Amino acid sequence: TWVNDACRHGGAVIKSATLRSRLSGGEKGGGGDGGSVVSESGEAAYSAHGSSRGGGAAAPRKTVLFLGDSLITGVGCSQESSHGPALPRAVAEFLSRRLRVDVQWAAFGETGGDVRTMRSKLLPTLADEVAALRANGQNVDIVVVVCGLNDFKKAYRSSGNTAGGFCLELGELVREVKLLAGSDCTVVLPALPVHRAPVFDGIWPLQHFLAPLAALWDEQKLITAQRVRRVCFVRNAERDEWWSAKQYWAVDGIHPNDEGYRIWGEHIADGILSHLRAAQKPALLMKPAEPLA
């Protein structure tokens, strides 16, 4: 939940309450925010809305939706700032600046949720959001799905949870998202830098095997991206040793803090831009993907 508070950030007055935070106004010259941030007090479910201004009143608009777990609900963010979920905001603002478009975004998360939970609890909310957008004549351009952390945690607790099982569940989730949002919508699957989380420092032998195990789970996202049309896998940054620095992580050692979310969000957004640029190349230069089932 967000604390009762009021503060100024980048020229915008941000008023927050336990159940609702409303952002009004925007930054002069672009990058401003508007809309509302809504959280359910005492529950894991979370939704948030906002926008980032890129190129003036006449600028084109892109709509980006976010679906995920605690990394989407903003666990690790500073509640005192009351700015809402940091990762969706960072992605939207980066895309807005680079594309020079207005970016309207909405985020739906379930803290502690695995892919199966997202399918059962978040897809109905996503369907309502898409219906509301279409009623206003808007389409969904991008859906960012942040997942795998809780599936991965369950895997080392039970041999019944495998990378292959995660791949099957993820494939179903992606197909259901595209059926809701439209076949032309781009679904983004970011890799998770979980192997750099400080909470695992010095834990032997887990730390030694963590990177290849985490990579195995992220590989299932790559496989899904290769199988389904318009799905983008964003790899972790190369030579990401700096991610281990504690100044980028929350006190729990497993979630990023505000600065960590900002850096990671910009990395994801940059991966999205690379994918969009590649998609604009002639079709003969692109590796064909399997048609959407």
Checklist entry - ARG229 accessible area, nearest 10 Å², 1.4 Å probe? => result 100 Å²
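All other residues with a Cβ under 14 Å from the Cβ of HIS255 taken together, and with Lys, Arg as +1 and Asp, Glu as -1, what is their net charge? All intermediate terms of the calculation are to be shown ahead of the outcome.
Details: positive: LYS153, ARG196, LYS246, ARG262; negative: ASP69, ASP252, ASP258, GLU259.
Every neighbour counted, the sum reads 0.
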Checklist entry - If amide H atoms are built 1.01 Å from N in the plane of the peptide, which residues on other chains or at least 5 residues away come under 5 Å of the amide H of ASN236? => result ALA191
Checklist entry - Shape of region 144-271 from its Cα gyration tensor (a ≥ b ≥ c, root eigenvalues): rounded if a/c is under 1.5, otherwise prolate when a/b > b/c, or oblate? => result oblate
Checklist entry - Which loop chymotrypsin sites (Phe, Trp or Tyr not before Pro) in region 82-166, with loop taken from DSSP, have no more than 16 other Cβ atoms within 10 angstrom of their Cβ? => result TYR156
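When a/c is below 1.5 the answer is rounded, else prolate if a/b is larger than b/c, else oblate, so apply that to region 197-276 with a ≥ b ≥ c taken from the square roots of the Cα gyration tensor eigenvalues. Write out the running numbers ahead of the final one.
Details: a/c = 2.73, a/b = 1.39, b/c = 1.96.
Since a/c reaches 1.5 but b/c is at least a/b, the shape of region 197-276 is classed as oblate.
The values are calculated or read from the model by the stated rules, or taken from the named source; none is laboratory data. From a predicted model like this one, the values you see are computed outputs, not experimental measurements. With ideal geometry, Cβ positions are generated from the backbone for all residues, glycine too; neighbour counts draw on all protein chains shown. Note: areas computed on protein heavy atoms with side chains; ligands, DNA, RNA excluded. Shrake-Rupley method; radii C 1.70, N 1.55, O 1.52, S 1.80 Å.
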